[in-house]
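What follows draws every value from the coordinates through simple rules; no lab data is involved. Here the structure is a predicted model, which is why all the values come from computation and not from measurement. Glycine also receives a Cβ, built like all others from the backbone with ideal geometry; neighbour counts cover every protein chain displayed.
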Amino acid sequence: MTSVLDLAPVVPVVVLDDAADAVPLARALVAGGLPAIEVTLRTPAALDAIRAIADEVPDAVVGAGTVISPRSVADATAAGAGFLVSPGWTDALLDAMAMSGVPFLPGVSTASEVVALLERGVTEMKFFPAEASGGTPYLTSLAGPLPQARFCPTGGISLASAPSYLALRNVGCVGGTWMLPPDALAARDWDRVESLAREASGLRA
């Protein structure tokens, strides 16, 4: 499969309380040009949402976010997750993700964590929390000594700040929630979500 970092400039980070919203939301995001969708394992509906998107939205590449244990790796892949994203990593979690058979982005926020992953043969990572951890200046600094590492920065990124991240040579995509405003989700305004997704998908111009 194509690297998660190369599927689209932006990966929507989705928190769903109702699995019934998963399919129409995913269809709106895909129609707007954002096929890679990270459904976070933060709610009881998450696994059912991943399963529904995997079964009913063939053009979507649905992944699981907030993967923090080997058990969540197993649950997410069983539900049909096509990639895994964690906010951080341990040896046990990394081993489970590596054995899952799907691409994964372990989370890092320090140079030492990046070096440790490179030592394990992992070159694609999530940079989290991006803004709080130094943002674009920090990633620019990492590119010199660690050019083989590529990142999906997530955490505090907006439509306004995303282009500065995407301009960096070591950034493949960014994760964000701005195309999923709470009022649009509450109103099930999928047309608005599609429009915001289309705007986000055009950031890599």
| request: Could you pull out every residue, at least 5 positions away or on a different chain, whose amide H is within less than 5 Å of the one on Leu105? Hs are placed 1.01 Å off N in the peptide plane, and Pro or chain starts have none. | output: Leu84, Val85, Ser86
| note | Put in order of increasing Cβ neighbours within 10 Å, starting from the fewest, Glu113, Glu56, Glu119 give Glu119, Glu56, Glu113
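Out of all Cα-Cα pairs in segment 69-133, roughly what percent, to the nearest whole number, are more than 20 Å apart?
Of the Cα pairs, 24 percent sit more than 20 Å apart.
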| Amide H within-cut-off set for Val174, under 5 Å, with H built and near neighbours excluded | Val10, Val11
| message | Given Cβ point charges of +1 (Lys, Arg) and -1 (Asp, Glu) and nothing else, what value in debye, to the nearest 20, does the dipole of segment 4-194 about its Cα centre take? | response | 440
| message | Using only DSSP helix segments of four residues or longer, with each worth -39500 (n - 2.57), what per-residue ellipticity at 222 nm results for the chain after dividing by its residue count and rounding to 500? | response | -11000 deg cm²/dmol
| Mean 1/r over all different Cα pairs, inverted: what Kirkwood radius does segment 105-160 give, in Å? | 11.2
| request: Give, as a single signed number, the net charge of other residues whose beta carbon lies under 15 Å from the beta carbon of Val10, with Lys and Arg counted +1 and Asp and Glu -1. | output: -1
| Rule-of-thumb Rg ratio for segment 4-194 [Cα; 2.2 N^0.38 Å; N residues] | 0.97
